[in-house]
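Asks: My structure is below; once you've seen it, I'll send some questions.
The values are calculated or read from the model by the stated rules, or taken from the named source; none is laboratory data. It should be emphasised that the depicted structure is a prediction, and the values quoted were computed from it without experimental measurement. Methodologically, a virtual Cβ is constructed for each residue, glycine included, from the backbone with ideal geometry; neighbour enumeration extends over all protein chains shown.
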Amino acid sequence: MLASSKADNLKLAVGAIVAGCFALSLGDALIKQHSASFVLWQIFLVRSLITLPFLVYLARIRSCEDPVKPDALGWTLLRSLLLVVMWVFYFTALPHIEFAVPAAAFYTLPLFITLFAALFLGERISARSWK
């Protein structure tokens, strides 16, 4: 875990989560609407072209504070591979299911992350954490 001398910025964190949920929902709606005219590799290409400038910008900002290179490159590559597989399955299924199903999955995701953090990482989850 990285130690930081900066205090947590709760407003920035909440704003990032809201923006992320908005972007995911918008992307899902657009993919579902246009999935008949795109093949899977085109969806990944467009998604990557949209995301790449943001990642480059964030890496440039962060490079002066913290190193961008991960400490455990093997685990990072495995996580990246699993994310690619997950997105392939997700985008393949999206045109065939009702839009409420992926929305429900994303709304319950924080609950599963919290549960898995307690089960697999041994993190202590207090009653306040669930609020």
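Asks: Could you grab the pairs with beta carbons closer than 9 Å, sequence gap of 6+ or different chains, first residue in the range 29-49 and in a helix (DSSP H, G or I), second one basic (Lys, Arg)?
Replies: Matching pairs, first to second residue: 31/47.
Asks: Could I ask something else about it? If only one of 20, 74 is of a type in the set (Gly, Ala, Ser), outside the structural domain of residue 109 (by TED's automatic domain parsing), over 19 Å from the mean Cα position of the chain (by Cα) and modelled with pLDDT of 80 or more, which one is it?
Replies: Testing whether each residue is of a type in the set (Gly, Ala, Ser), outside the structural domain of residue 109 (by TED's automatic domain parsing), over 19 Å from the mean Cα position of the chain (by Cα) and modelled with pLDDT of 80 or more leaves just 74.
Asks: Could you please find all residues in the range 91-100 being closer than 21 Å to residue 44 by Cβ, in a helix (DSSP H, G or I) and without any contact (Cβ under 8 Å) to a residue 24 or more places away in the chain?
Replies: Correct list: 93, 96.
Asks: List every residue pair whose Cβ atoms lie under 9 Å apart, where the two residues are 6 or more positions apart in sequence or sit on different chains, the first residue falls within the range 107-125 and is under 21 Å from residue 20 (Cα atoms), and the second residue, located anywhere, is part of a helix (DSSP H, G or I).
Replies: 107/21; 110/17; 111/130; 114/129; 114/130
Asks: Okay, next question. Checking the conditions here, which among 99, 106 is of a type outside the set (Asp, Glu), over 16 Å from the mean Cα position of the chain (by Cα), closer than 30 Å to residue 36 by Cβ and surrounded by 10 or more Cβ atoms within 10 Å (Cβ to Cβ)?
Replies: When all the criteria are applied, what remains is 99.
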